[in-house]
Amino acid sequence: SVAISGSAGKIYNRSFTIDDMGCIRSRYDKIHLFDIQLSQNEVYRESALISGGKHAVLSNTPFAIIGHSICYDLRFPGLYRELARAGAEILMVPAAFTKKTGEAHWHILNRARAIENGAFVVAPCAVGPIDGGGESYGHSLIVNPWGEVLADGGITPGIVQATIDLDEVSLIRRKIPSLEHDQPFTLNGNTQRNVA
């Protein structure tokens, strides 16, 4: 993802789908902004600089239907459920997880999104120092729909690759049809959709 000039002096954290001719086919602006305090000295306030997006995005490519997200979006399973319901076979998660949050949550969250949606997750993650302090976790991942890590980039910059067989998506979704079994329910009398 890249920083794109926005309005009111803020930017968008945006990812793109670019086709084989170099044309932009879709763009996604990060919806969920990272406003957290990990410790007295480690505070992040993305909303001070970034405008959040409002729309989920699917890209229909010649090889797969791709659902887009960025970094902190990974903590909001409803986004991924809706992308999967809409047909996403690969969930993209470019990120710069901090070392602290990455060590505790990165692998678990990516594997969970793959398992609960029966989709591949491709999650490139920055590695090394973060401007302004801190460190990115690294460990770029490719996870299959069963939740198995096919590739892990570790803590050094490089290229992560794995073979993605999209037949695995339909196979897993037939074996464990959680997308079909997901039911609406009520909570204290208010109608809710089960998106977790």
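Miscellaneous remarks
- Radius, Kirkwood style, for region 56-192 when every pair of distinct Cα atoms is counted (Å): 15.5
- Two-decimal log10 I(q)/I(0) for region 1-125, as the Debye equation yields it once each C-alpha is a single scatterer, q = 0.21 Å⁻¹: -1.27
- Fluctuation leader among PRO94, PRO124, PRO177 - the chain, Gaussian network, Cα springs under 10 angstrom: PRO177
- Net charge of neighbours whose Cβ lies under 9 Å from the Cβ of VAL121, counting Lys and Arg as +1 and Asp and Glu as -1: +2
- Estimated FRET transfer efficiency (GLN161, LYS54; beta-carbon r; R0 30 Å; 0.05): 0.35
- Relative contact order computed over the chain (Cα-Cα under 8 Å; 6+ residues apart), in percent: 13
- Inter-label distance, nm, simple model (7 Å from Cα along the C-beta direction), ASP182/GLU148: 2.5
- Equivalent ellipsoid dimensions for region 22-95 as semi-axes, Å, which come from the Cα gyration tensor, largest first: 27, 14, 10
- At 0.890 mPa s and 25 °C, Stokes diffusion of region 117-190 via Kirkwood alpha-carbon radius, µm² per second: 165
- Ordering LYS30, LYS54 by the number of other Cβ atoms within 10 Å of each residue's own Cβ, fewest first, gives LYS54, LYS30.
All of the numbers you see were taken from the coordinates with simple rules; none came from a lab. Model, not experiment: these values are computed from the prediction. Don't worry about glycine lacking a Cβ; one is built from the backbone with ideal geometry, like all the others, and counts go over all protein chains shown.
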